[in-house]
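Values in this text are rule-based calculations from the coordinates and carry no lab data. All values derive from a computational prediction rather than experimental measurement. Cβ: placed from backbone, ideal geometry, glycine included. Neighbour counts: every protein chain shown.
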Amino acid sequence: MSVWEAVLFVVIFSVAAVGIIGAIICEQRDREFVRRTFTHRQLVPEVDFARDCSPTVSAAIAERVRQVLARICEEPVDSALMQADDLLSTELGYCLDSLAFPDLVCNLEKEFGIKVKLRELTGRETVRDVVRLVENKLAALGVPD
C-alpha cells in the first residue's frame, strides 16, 4: 500500500466515523425533543382528536391510527397525548431517511386491511394527514367507520 493509499484510507475512515458520531448525536437530540414535547401535554380525548383530524372520520378510526403511530415511535409516546397537528418528523421523531415510514406503511396495512404505498406518505407531514389517508383508503374500499 502506498503512502497516498494509506492517507486516503485514513481520510475515508475519519469521514465515516464523524458521520456515524453525528448521526448518534442527532438521534439522541431528537429523542430528547420528543420526551420534552410530550412531558407537559394534557390528554386529548378520542372524540376531540378525531374532530381535529377530519369532520367525517370516526373517533375509533382516528384513535387506531394514533395508536399505530405511537407504537412505531422510537421514543415511547402515549397515544392519548398526540395531537392532530403533531409533525411526524419532529414531534414524533420520525426521520425521513429512517425505517419509520416503511414500518408505518406495514402497520397501517395490518391494522386496517388496506394497501398503502410508501410514496402516498410523501408530503404527509402531520398526524392529521395520516388519519385522512387512512380515512380515504377505507372510504374507497367501502368500509364503514
Margin query: Modelling each spin label as a point 7 Å along the Cα-to-Cβ direction, I'd like the LEU118/SER89 distance in nm, to one decimal.
Written below: 1.7 nm
Next item on the list: Tell me the label-point distance for the pair GLU125, GLU75, using the 7 Å Cα-to-Cβ offset, in nm and rounded to one decimal.
Entry: 2.0 nm
Next item on the list: Sort ARG36, ARG124 so that the residue with the fewest other Cβ atoms within 10 Å of its own Cβ comes first and the one with the most comes last.
Entry: ARG36, ARG124
Note to self: Using a 10 Å cut-off around each Cβ, can you sort LEU108, LEU81, LEU141 from fewest to most neighbouring Cβ atoms?
What the structure shows: LEU141, LEU81, LEU108
Notebook entry, point to check: How many nm separate the modelled label positions at THR56 and ASN136, each set 7 Å beyond the Cα in the direction of the Cβ?
Noted result: 1.1 nm
Checklist line | Packing-based exposure ordering (other Cβ within 10 Å, fewest first) of VAL47, VAL68 | finding: VAL47, VAL68
Notebook entry, point to check: How much length is gained on full extension from CYS106 to ARG41, taking 0.36 nm per residue of separation minus their Cα-Cα distance?
Noted result: 20.5 nm
